[in-house]
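The values are calculated or read from the model by the stated rules, or taken from the named source; none is laboratory data. The structure presented is a predicted model; accordingly, all values stated were derived computationally and were not measured. All Cβ positions, glycine included, derive from the backbone under ideal geometry; neighbour counts span all protein chains shown. Calculation scope for accessible area: heavy atoms of the full protein, side chains included, ligands and nucleic acids excluded. Shrake-Rupley method; radii C 1.70, N 1.55, O 1.52, S 1.80 Å.
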Amino acid sequence: MTLKELAVGKSGLITAVGGEGNLRCRLLDMGLIPNTKVTVVKIAPMGDPMEIRLRGYELTLRLEDAAQIEIMPEVSGK
């Protein structure tokens, strides 16, 4: 699944970062690297962009960019 598909309040672990050229480099530079936990904080009222929390800070991403990030959703506890 991609980060774009993750619901508000849910978390996941980044497994791969797609994109090409400058976009991929920008995503990696912002800390979106494999094995990083991300949580969707909110989605803008019109549906784009989304705000995520990772590494102790909030980051706003366009849904088009979020679709380039593969994640493994966190399984809910017992």
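HN-Hα J couplings of the stretch 61-68 from phi, Karplus 6.51/-1.76/1.60, θ = phi - 60°, integer Hz, Gly and Pro as x?
Taking θ as phi minus 60°, the curve returns 10, 5, 4, 4, 6, 4, 5, 8 Hz for the stretch 61-68.
Over the stretch 1-70, give the accessible area per residue in Å² for a 1.4 Å probe, as an integer.
On the way: 4090 Å² over 70 residues.
That works out to 58 Å² for each residue.
For the stretch 10-78, what Kirkwood radius comes out of the mean inverse Cα-Cα distance, in Å?
Details: mean 1/r = 0.0811 Å⁻¹.
12.3 Å is the Kirkwood radius here.
Hey, can you grab everything whose amide H is under 5 Å from the amide H of T36? Only 5+ residues off in sequence or another chain; H modelled, so Pro and N-termini drop out.
HN-HN under 5 Å from T36: I14.
Which value, in debye to the nearest 20, gives the size of the charge dipole of the chain about its Cα centre, when Lys and Arg are +1 and Asp and Glu are -1 at the Cβ?
Taking the Cα centre of the chain as origin, the dipole is about 280 debye.
In nm, what is the difference between 0.36 nm times the number of residues separating A7 and M72 and their Cα-Cα distance?
22.1 nm
Pop out the carbon and sulfur fraction of the accessible area of the chain as a percent, whole number, probe 1.4 Å. Intermediate results must be reported in sequence, preceding the final value.
Numbers: 2590 of 4910 Å².
Solvent-exposed carbon and sulfur of the chain make up 53 percent of the total.
Under a crude label model (7 Å from the Cα following the beta-carbon direction), how far is L63 from A16 in nanometres?
2.3 nm
When the chain is modelled as a GNM with alpha-carbon springs shorter than 10 Å, which of L32, L23, L13 fluctuates the most?
Of L32, L23, L13, the Gaussian network model singles out L23 as fluctuating most.
Under 8 Å for C-alpha pairs, at least 6 residues apart: give me the relative contact order for the chain, rounded to a whole percent.
Details: 147 pairs, mean separation 33.1, N = 78.
This gives 42 percent for the chain.
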